[in-house]
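Below: one structure, written as structure tokens.
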Amino acid sequence: MSFLFDFFDGLRTFLNAGGNVLWVILILSLCLWCLIIERLLFFKLNYSEQKNAWLAQWNERHDKSSQHALNIRKAIISEAKITMNRFVPSIKMLIGLCPLFGLLGTVTGMIHVFDVMAVTGTGNARAMASGISQATIPTMAGMVIAIAGLYFNKLIEERVSDETHLLTDLLKYH
């Protein structure tokens with residue numbers, strides 16, 4: 001239990017060292033990872049059942065060669081693509097926001113440094129240290145979260161593309 005308290009105390013110290021912007025980046029990060037995990041769980045747990053429902057919907061049709069059947073096939077594929085791409089735009093938006101908030105943290109930290117310099121009148125390194133910390137930690141955090149998010153976003157997008165092509169192949173149009 002002591003380990004848990006030490007962990008959260010260290011986390012709180014880190015977040016306070018990065019300034020208020022780092023708390024916003026933490027919230028963005030939590031939202032981002034919840035959406036990524038939701039998409040990964042969808043493909044792991046629910047997608048095969050959903051794919052079978054789309055295949056059954058197509059296989060129930062007797063007519064698979066008319067223009068109307070082609071339009072229904074396109075509608076099924078479009079519905080599948082929309083379902084698989086759910087939350088992907090939100091994931092992309094959060095990935096883009098993380099470095100921007102990191103940059104905001106840099107700017108606010110540098111403003112703090114310049115305020116210290118204006119008050120003390122000299123380059124007192126000890127007085128400027130917290131501002132420099134506020135300037136660098138959010139930038140690093142925003143970039144790390146965005147880079148990791150980009151990897152998983154690409155993973156999800158590739159899975160959507162692969163599954164869309166597979167579904168297109170499975171829905172035979174004569």
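Before moving on, here are some points about what is shown:
- Residue within region 60-67 that is surrounded by 15 or more Cβ atoms within 10 Å (Cβ to Cβ) and not in a loop (DSSP other than H, G, I, E, B) present: no
- Test: residue in region 43-54 that is part of a helix (DSSP H, G or I), closer than 27 Å to residue 148 by Cα and in contact (Cβ under 8 Å) with a residue 12 or more places away in the chain: yes
- Residues in region 68-98 that are among the basic types (Lys, Arg) and outside any helix (DSSP H, G or I): 86 only.
- Among the residues listed as 77, 72, 91, the single one being of a type in the set (Val, Ile, Thr) and within 24 Å of residue 22 (Cβ to Cβ): 91
- Being among the aliphatic types (A, V, I, L, M), assigned to a helix (DSSP H, G or I) and under 20 Å from the mean Cα position of the chain (by Cα) is a description that does not apply to residue 117.
- Residue in region 123-135 that is within 23 Å of residue 27 (Cβ to Cβ), surrounded by 19 or more Cβ atoms within 10 Å (Cβ to Cβ) and in contact with a Leu (Cβ under 7 Å, 6 or more places away or on another chain) present: no
The numbers here are math on the coordinates, done by the rules we state, and not lab data. Bear in mind that the values here come from a model prediction, so they are computed numbers and not experimental data. As a convention, Cβ positions derive from the backbone with ideal geometry for all residues, glycine included, and neighbour counts pool all protein chains shown.
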